[in-house]
Amino acid sequence: MLIVGERINTSRHPINEAVARRDAAAIQREVRLQIDGGADLIDVNAGSRRGSEVDDLLWLIEVIQGDFPDVRLCIDSPDPESMKRVLDAVRLPPMLNSTTGERSRLEAMTPVIQRRACDVVALCMDDQGIPKTAGQTVENAVRLVSHLEGLGVNRKNIYLDPVIQAVSANTRAGVMALEAIEGIRRELDGVHIISGLSNISFGLPKRPLVNRAFLTLAMKAGLTSAILDPSDRGLMSALKAAQVLLDQDPWCQAYTRAFREGRLET
């Protein structure tokens, strides 16, 4: 399970304030918190700061890489041009978050994707909007993979996002997401399946509880990566336990190591 830490996002007030003040120490503390929690990549998102997004991204990339040269970055932006302008500053192969099946977005993302070797997050939606059924999600996924492979992206570098919706707005959203994950796994061997995990619980009380339950179900369905808050010890503990039960943790080594290090929480 590949973990992308979601906390470096200027839509969060503390991060927005740290970026505005150019408080490198605050950003580095957030990155350390996520790495210690189990993050494999750090998502970097300054999309809420329109007008200064590129400068802010460049500063964040410099600050993070200065203290954590071995950590990979996920460059996250609603603006393909912003991603293109900062890519050369990223030392290790980045993840790009994200493209979709919408024609205009695909066209805008093409020169970004082809600029350098990278992983690509692709949301399974098209010009018709967010899919209404799991079948539509899988159809969009098949078209996206075909297009990305046509651009030269290796299937192992594609991370498909089935576009998780809130169960508070649609009580079948969880079932639909699980069916979509299963369908993508069945139809597209070799691709990764990723999710912005907390979308499922939007609008509900005790959101971490819903997130934990959904994560374990999604892992069984075929989820291989998640964008989440790795400082949530309960969530990461549920992940470790699920890996044991799904035979994804040989000899329970990761689980017992987390126990010895005091990182498991019941």
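For the stretch 210-255, name all the residues that are closer than 22 Å to residue 156 by Cβ and either among the hydroxyl-bearing types (Ser, Thr, Tyr) or modelled with pLDDT under 95 (or both).
224, 225
I'd like to check which helices (runs of 4 or more DSSP H) are fully inside the stretch 59-151 and have at least 2 residues that are open to solvent by 10 Å² or more (accessible area, probe 1.4 Å) and free of Cβ contacts under 8 Å to residues at least 24 places away in the same chain.
Passing ranges, in order: 103-113, 134-150.
Can you tell me which residue is surrounded by the most Cβ atoms within 10 Å (Cβ to Cβ) among those in the stretch 183-198 that are out of contact with any Lys or Arg (no Cβ under 9 Å at 6 or more places or on another chain) and more than 16 Å from residue 125 (Cα to Cα)?
Looking at the filtered set, the residue picked out is 197.
Any idea how many residues of the stretch 65-86 are of a type in the set (A, V, I, L, M, F, W, C) and over 14 Å from residue 46 (Cα atoms)?
2
Looking only at the stretch 114-164, count every residue that is of a type in the set (Val, Ile, Thr) and within 18 Å of residue 104 (Cβ to Cβ) and tell me the total.
Summing the residues that are of a type in the set (Val, Ile, Thr) and within 18 Å of residue 104 (Cβ to Cβ) in the stretch 114-164 gives 4.
Evaluate the stretch 54-72: report whether one residue or more is modelled with pLDDT of 95 or more, within 17 Å of residue 159 (Cβ to Cβ) and out of contact with any Ser or Thr (no Cβ under 9 Å at 6 or more places or on another chain).
Yes, the stretch 54-72 contains at least one residue that is modelled with pLDDT of 95 or more, within 17 Å of residue 159 (Cβ to Cβ) and out of contact with any Ser or Thr (no Cβ under 9 Å at 6 or more places or on another chain).
For the stretch 36-58, which positions are surrounded by fewer than 16 Cβ atoms within 10 Å (Cβ to Cβ) and closer than 27 Å to residue 240 by Cβ?
Across the stretch 36-58, the qualifying residue is only 36.
All but one of (1) within 20 Å of residue 98 (Cβ to Cβ); (2) crowded, with 22+ Cβ neighbours inside 10 Å hold for residue 154; state the number of the condition that does not hold.
(2)
If you check residue 166 against the conditions, is it surrounded by fewer than 21 Cβ atoms within 10 Å (Cβ to Cβ), within 16 Å of residue 196 (Cα to Cα) and without any contact (Cβ under 8 Å) to a residue 60 or more places away in the chain?
Against the criterion (surrounded by fewer than 21 Cβ atoms within 10 Å (Cβ to Cβ), within 16 Å of residue 196 (Cα to Cα) and without any contact (Cβ under 8 Å) to a residue 60 or more places away in the chain), residue 166 qualifies.
Name the residues in the stretch 15-34 that are among the hydrophobic types (A, V, I, L, M, F, W, C) and open to solvent by less than 40 Å² (accessible area, probe 1.4 Å), would you?
The answer is 15, 18, 19, 24, 26, 27, 31.
Considering the stretch 1-52 alone, what residues qualify as being small (Gly, Ala, Ser) and in contact with a helix residue (DSSP H, G or I) (Cβ under 8 Å, 6 or more places away or on another chain)?
The answer is 5, 18, 24, 26, 37, 38, 46, 47, 48.
Name, by its number, the condition in (1) surrounded by 19 or more Cβ atoms within 10 Å (Cβ to Cβ); (2) closer than 20 Å to residue 76 by Cα; (3) not basic (Lys, Arg) that does not hold for residue 201.
(2)
Go through the stretch 46-62 and report how many residues are among the basic types (Lys, Arg) and within 18 Å of the chain's Cα centre (by Cα).
Total satisfying the criteria: 0.
Which of the residues spanning the stretch 38-58 are in a loop (DSSP other than H, G, I, E, B) and over 30 Å from residue 259 (Cβ atoms)?
Those that are in a loop (DSSP other than H, G, I, E, B) and over 30 Å from residue 259 (Cβ atoms): 46, 47, 48, 49, 50, 51, 52.
Looking only at residues in the stretch 211-234 that are farther than 23 Å from residue 184 by Cα and either out of contact with any Gly (no Cβ under 9 Å at 6 or more places or on another chain) or of a type in the set (Asp, Glu) (or both), which one is least open to solvent (accessible area, probe 1.4 Å)?
Restricting to residues being farther than 23 Å from residue 184 by Cα and either out of contact with any Gly (no Cβ under 9 Å at 6 or more places or on another chain) or of a type in the set (Asp, Glu) (or both), the top hit is 234.
The values are calculated or read from the model by the stated rules, or taken from the named source; none is laboratory data. Just so we're clear, the structure is a prediction, and the values are computed from it rather than from any experiment. A quick note on method: Cβ atoms are made from the backbone with ideal geometry, for glycine too, and the neighbour counts reach across all protein chains shown. These area figures cover heavy atoms from the full protein model, side chains too; ligands, DNA and RNA do not enter into them. Shrake-Rupley method; radii C 1.70, N 1.55, O 1.52, S 1.80 Å.
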